[in-house]
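First the structure, in the form of structure tokens, and then the observations on it.
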Amino acid sequence: MKVAILAGGTGSRLSEETVAKPKPMVEIGGRPILWHIMKYYSHWGFDDFLIALGYRGEYIKRYFVDYLSLASDLTVSLRDGDVTQHQNGSGMEDWTIRLCDTGLNSETGGRIKRLQPYLQDGTFMLTWGDGVSTVNLDELLAFHRSHGKLATLTAVRPPARFGHLELDDDRITEFSEKPQTGEGWINGAFFVLEPEVFDYIEGDTTRFEREPLEGLAADKQLMAYRHYGFWQCMDTLREKMLLDELWGTGEAPWKLWN
């Protein structure tokens, strides 16, 4: 099953990091968050990726072209320019990656629509290139297949952006630094979709979060898989620092691989 990842946004709220690189290439623990997302899917056995490129897409192309060489031992012949790669036991990922230019200014729906030629043969997964989670992808897929509708999104509790306080008059009775909020659900991405979803997307200017999802909901074709565990997007520098801190502890919730 193919996994589509949208990686074309500018990441304007992370401008400190995204002046020279696309948002999915902002690093967590020395690796792009895109790599973390792909490692997570790969842990569950999903290794066939389509990456929708836009802003500074050449940066992502260059990264993956160099990835194999940088992770391998090399023999370089300066005389004739030949480069021979050697496996060095580092455990190279068994990934197939199609890097697709989907337009510099395309909206999310437009990027998905441009991937249609590669995704129209069956059920596929989709997520954004800026968030990590502990969603059980096997259970998510089983849930999608159980209801027979066209689309499943993962519903999550939004993480609080600031410390949560419980007060008794002026006395703080409980302080939680970064809890999930107790009420409400938001779209956490991590979709499972059927090819008929493309019929709901008009073109490049379509935002997937607007008319397509609204239309699917109106047609009773959109279902929510409720995820109660860890989920965190990376919209701001503060959230990037949070993810860096979690990775630095050696206990990042989304790191299920060895």
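The values are calculated or read from the model by the stated rules, or taken from the named source; none is laboratory data. Since the model is a prediction, treat every value here as computed from it, not as a measurement. Neighbour counts run over all protein chains shown; Cβ positions are idealised from the backbone, glycine included. Keep in mind that these areas ignore ligands, DNA and RNA; they rest on the heavy atoms of the full protein, side chains included. Shrake-Rupley method; radii C 1.70, N 1.55, O 1.52, S 1.80 Å.
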Of all residues making up the stretch 190-224, the number that are of a type outside the set (D, E, K, R) and open to solvent by 30 Å² or more (accessible area, probe 1.4 Å): 8
The stretch 1-25, residues that are in contact with a Ser or Thr (Cβ under 7 Å, 6 or more places away or on another chain) and not charged (D, E, K, R): Met1, Ile5, Leu6, Gly8, Thr10, Gly11, Leu14, Thr18
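Residue by residue, here is whether (1) small (Gly, Ala, Ser); (2) within 20 Å of the chain's Cα centre (by Cα) holds:
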site	(1), (2)
Gly8	yes, yes
Ile28	no, yes
Tyr40	no, yes
Leu50	no, yes
Tyr67	no, yes
Gln85	no, no
Given (1) more than 13 Å from Gly229 (Cα to Cα); (2) at pLDDT below 95, number of the condition Pro158 does not satisfy: (1)
Matching residues, the stretch 10-26, being within 12 Å of the chain's Cα centre (by Cα) and either within 30 Å of Arg145 (Cα to Cα) or polar (S, T, N, Q) (or both): Pro24
Scan of the stretch 105-130 for residues that are open to solvent by less than 10 Å² (accessible area, probe 1.4 Å) and under 30 Å from Leu246 (Cβ atoms), ordered by number: Ile112, Phe124, Met125, Leu126, Thr127, Gly129
Checking Leu6 against (1) part of a strand (DSSP E or B); (2) open to solvent by 10 Å² or more (accessible area, probe 1.4 Å); (3) out of contact with any Gly (no Cβ under 6 Å at 6 or more places or on another chain), the condition it does not meet: (3)
Near pairs, Cβ below 8 angstrom, 6+ apart or cross-chain, from the stretch 21-35 (closer than 11 Å to Met234 by Cα and free of Cβ contacts under 8 Å to residues at least 12 places away in the same chain) to any residue that is in a strand (DSSP E or B) and not small (Gly, Ala, Ser): none
